[in-house]
Amino acid sequence: MHSLRPEGLDFLTMAPRRWTFANRVQARPAEVFAAISADPSTWVAWFPGLSAGHYEGDQPPGIGSGREITISRVRYRETILAWDAPHRWAYRVDESSVPMAHALVEEWTVEPDGDGSRLAWTFAIDPRPLFLVGVPLAGPAMGALMRRAARNLSRHLQA
């Protein structure tokens, strides 16, 4: 595992590279927030490429909790930085099995949007050379990932 610099929420505005993607989800904000902050093993049902995940420890998750996920065979260990139900949830990546970043913080926000929600994902990164190679494609690829995740989440929550 490769250690990343432990950044806080201010990194969301100060990161060298930053993308925000927003999509509509056909569910109320509380339902969407519950889904994104839930046990990450449930993300397998809606987040593309995620194959495993869990919160660490035996306490209910919240700010300071650790979680581990695997996406496309890459493992990440994360720490929750914000848990403001039902509107904001954020975490930093502490370790990754691939050396893609010096620091990485992600934020998910949920706002009412008619009879559904507007789900926004911010990806803030201080990239290492491995990630820099793909920067021209990163925005379009992550935007497509978010659109697919939002569609999948809508279906998952309506089931």
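The values are calculated or read from the model by the stated rules, or taken from the named source; none is laboratory data. Because the structure is a prediction, the values reported are computed rather than measured. Neighbour counts are summed over all protein chains in view; Cβ atoms, including those assigned to glycine, are modelled from backbone coordinates with ideal geometry. When the accessible area is computed, the model is the full protein with side chains, heavy atoms only, and any ligands, DNA or RNA have been set aside. Shrake-Rupley method; radii C 1.70, N 1.55, O 1.52, S 1.80 Å.
The figures follow:
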quantity: Within the accessible area of segment 69-140 (1.4 Å probe), percent carbon and sulfur; calculated: 56
quantity: Under the Karplus curve 6.51 cos²θ - 1.76 cosθ + 1.60, θ = phi - 60°, whole-Hz ³J(HN,Hα) for segment 78-85, x wherever Gly or Pro sits; calculated: 10, 10, 6, 9, 9, 8, 10, 4
quantity: Residue-span extension gain [R151 to A85] - 0.36 nm each, minus C-alpha spacing; calculated: 21.6 nm
quantity: Charge dipole magnitude, Cβ of K and R +1, D and E -1 - the chain, Cα centre, debye nearest 20; calculated: 620
quantity: The chain - percent relative contact order, Cα under 8 Å, separation 6 or more; calculated: 32
quantity: Most fluctuating residue given options P48, P140, P61, as computed from a GNM of the chain linking Cα atoms under 10 Å; calculated: P140
quantity: Dipole of segment 15-146 [Lys/Arg +1, Asp/Glu -1 at C-beta], most positive-end residue of H102, G116, N23; calculated: H102
quantity: Listed residues E111, E95 arranged by accessible area, highest first, probe 1.4 Å; calculated: E111, E95
quantity: Helix 135-158 axis, angle to the chain major axis (alpha carbon atoms, nearest 10°); calculated: 30
quantity: Candidate residues R151, R92: accessible-area rank, largest first, probe 1.4 Å; calculated: R151, R92
